[in-house]
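Working notes for the structure below.
FYI, it's all coordinate maths here, none of it is from the lab. Note that this is a predicted model, so its numbers are computed, not measured. In this analysis, Cβ positions are derived from the backbone assuming ideal geometry, glycine residues included, and neighbour counts consider all displayed protein chains.
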Amino acid sequence: MMRTQVGIVGAGPAGMMLAHLLGREGVESVVVEARSREYVQERVRAGVLEQGTCDLLEASGVGARMRREGLVHRGIELRFAGARHRIDLSGLTGGGTITIYPQGEVVKDLTDAHLAAGGQIYFSADEVSVHDFDRASPLIRFRAAGTPHELRCDFIAGCDGFHGVCRASLPVGALTLYERIYPFGWLGILAAVAPSSDELIYAHHARGFALHSMRSPVLTRLYLQCAPEEPLDAWSDARIWDELETRLASGDGGSLKRGPIVQKGVTGMRSFVAEPMRHGRLLLAGDAAHIVPPTGAKGLNLAVADVRVMARAIAAFARNGDSELIDRYSATCLRRVWQVQRFAWWMTAMLHRFEDASPFDYRRQMAELEYVASSRAAAQSLAENYVGLPFE
């Protein structure tokens, strides 16, 4: 039987950020991850970091490589009706920025720091299960390298994603679930070619939404709105590039750089929230508690915000037994969660084509885009949310 203060299920950005922050507070933790270290760090996921996320990484001592290699952006571009409209993120938020730095690199930095500080992580764990979270000493059971383990702790942090075991282990009726499934998905590609723009491009088009993003100066990330169950074999590389060219076209004659497609896949889109985010000594964070459509680039950032609150709450309890912040954990996080859900839904509704949209719906959608592009107040609202709401 092992003993630690916090058992963390999941070694993604939420779990590793939590382990890192707890370590800086002098709180011991053990991380249990069902996947291999390579899988967790190499899977292609989010790459847009809010100002607050960047500041937290730097303030906690793991931001050096991000500052060295990340791509700082001070604006984004909206394209619709063949015209380009830049949203000046920095000018509208008093200097706020976003940084392009892949999720896998964030996880690498946090994992390296945690292991260097003597932290313990069990990768490729089998048969992970959580127990006794309604008692003072909850339990995590798992197998590592074929050996069974039991881990007693003061708290369990469920950072194991939407399909993880932690949320699924709560008793029936413990949670209220809110969900919206969108009638489209994103066909995403990673291309070995320099980005065609210095900033992200969000494009509304009659054929559907498109997004131009990037992962590095030599890797471009692009997306096309498609059916949620779109067969990949229907999309040859040539068809993908032609469709991107059409949807990202602007009246100034700018061209899209093409290159080898090294990865592609289709992702469905949903909004999801589980309330509350705490049950006894089990606290949920990140995708285990909520999912946002990727249009607003908020998933990783929201997970970081969750564990920032959780780390402070657990540290206060560890120091003097004060449970006030623990008791407020769910309500504190959910205020931000629903603000982010609102923004992600708004961006999604404004930019995507809906099959059942009436002519009225389409004209209203275009009016929304024109208002955001022409009104400082509307653009500032977008910028404030995109750069990231302040932490509580």
Query raised in the report: Can you work out ³J(HN,Hα) from phi for every residue in region 109-115, in order, using Karplus 6.51 cos²θ - 1.76 cosθ + 1.60 and θ = phi - 60°, giving whole Hz and x for Gly and Pro?
Result: 4, 5, 5, 4, 5, 5, 5
Query raised in the report: Using Cα atoms only, what is the angle between the long axis of helix 359-374 and the major principal axis of the chain, expressed in degrees (0 to 90) to the nearest 10?
Result: 80
**Report entry** Within the chain, helix-based [θ] at 222 nm, where runs of 4 or more DSSP H residues each add -39,500 (n - 2.57), nearest 500
**Finding:** -11500 deg cm²/dmol
Report summary line: For Tyr386, Tyr178, ascending order of other Cβ atoms within 10 Å (fewest first) is Tyr178, Tyr386
Query raised in the report: What percent does the relative contact order of region 193-273 come to when contacts are Cα pairs within less than 8 Å and at least six residues apart?
Result: 30
Requested in this report: Estimate the FRET efficiency between Asp134 and Glu229 by the formula 1/(1 + (r/R0)^6), using the beta-carbon distance for r and 45 Å for R0, to the nearest 0.05.
Outcome: 0.70
Query raised in the report: When the dipole is taken about the Cα centre of region 271-354, and only Lys, Arg (+1) and Asp, Glu (-1) are charged at their Cβ, what size is it in debye, to the nearest 20?
Result: 180
Requested in this report: For a footprinting-style exposure proxy, rank His20, His73, His131 by other Cβ within 10 Å, fewest first.
Outcome: His131, His73, His20
Query raised in the report: Counting pairs of alpha carbon atoms under 8 Å apart in space and at least six apart in sequence, what relative contact order in percent does the chain give?
Result: 21
Query raised in the report: With +1 on each Lys and Arg Cβ and -1 on each Asp and Glu Cβ, how big is the dipole of the chain about its Cα centre, in debye rounded to the nearest 20?
Result: 280
Requested in this report: Please find, in a Gaussian network model of the chain (springs between Cα atoms separated by less than 10 Å), the residue of Ala303, Ala19, Ala113 whose mean-square fluctuation is greatest.
Outcome: Ala113
Query raised in the report: Given H placed 1.01 Å from N in the peptide plane, which residues other than close sequence neighbours of Leu248 have an amide H under 5 Å from its amide H?
Result: none
**Report entry** Rounded, prolate or oblate (a/c below 1.5 giving rounded, otherwise prolate when a/b exceeds b/c) for region 1-52 by Cα gyration tensor
**Finding:** oblate
Requested in this report: Starting from the amide H of Arg84, placed 1.01 Å from N in the peptide plane, find each other amide H under 5 Å away whose residue is 5 or more places distant or on another chain.
Outcome: Gly251
Requested in this report: Compute the long axis of helix 237-247 from its Cα atoms, compare it with the longest principal axis of the Cα atoms of the chain, and write down the angle in degrees, 0 to 90, nearest 10.
Outcome: 70
Report summary line: Sequence order, region 329-338: Karplus ³J(HN,Hα) from phi using 6.51 cos²θ - 1.76 cosθ + 1.60, θ = phi - 60°, Hz rounded, Gly and Pro as x, gives 3, 5, 4, 4, 5, 5, 4, 6, 3, 6
Report task. Note the listed values (1) 21.6, 71; (2) 21.4, 66; (3) 24.3, 81, then indicate which one is Rg and Dmax of the Cα atoms in Å calculated from this particular structure. Result -> (2)
Query raised in the report: Using Cα pairs under 8 angstrom and six or more residues apart, how large is the relative contact order of region 39-134, in percent?
Result: 35
Requested in this report: Mind checking which of Phe80, Gly70, Leu57 is farthest towards the positive end of region 1-107's charge dipole, using Cβ charges of +1 (Lys, Arg) and -1 (Asp, Glu) about the Cα centre?
Outcome: Phe80
Report task. Measure out, as a whole number of angstrom, how far apart the alpha-carbon centroids of region 250-283 and region 98-165 sit. Result -> 24
Requested in this report: With unit charges on the beta carbon (Lys/Arg positive, Asp/Glu negative), name the residue among Leu282, Gly254, Thr295 whose Cα is farthest towards the positive pole of the charge dipole of region 207-301.
Outcome: Leu282
Report summary line: For region 1-88 the trypsin sites (Lys or Arg not before Pro) that pass both the DSSP coil test and the at-most-16 other-Cβ-within-10 Å test are Arg43, Arg45
Query raised in the report: Among Leu224, Leu389, what is the fewest-to-most ranking by other Cβ atoms within 10 Å?
Result: Leu389, Leu224
Query raised in the report: Which listed residue (Ala377, Ser271, Leu219) has the Cα farthest towards the positive end of the charge dipole for the chain, taking +1 on Lys and Arg C-beta and -1 on Asp and Glu C-beta about the Cα centre?
Result: Ala377
Query - Cα centroid separation - region 47-75 against region 329-374, whole Å - result: 26
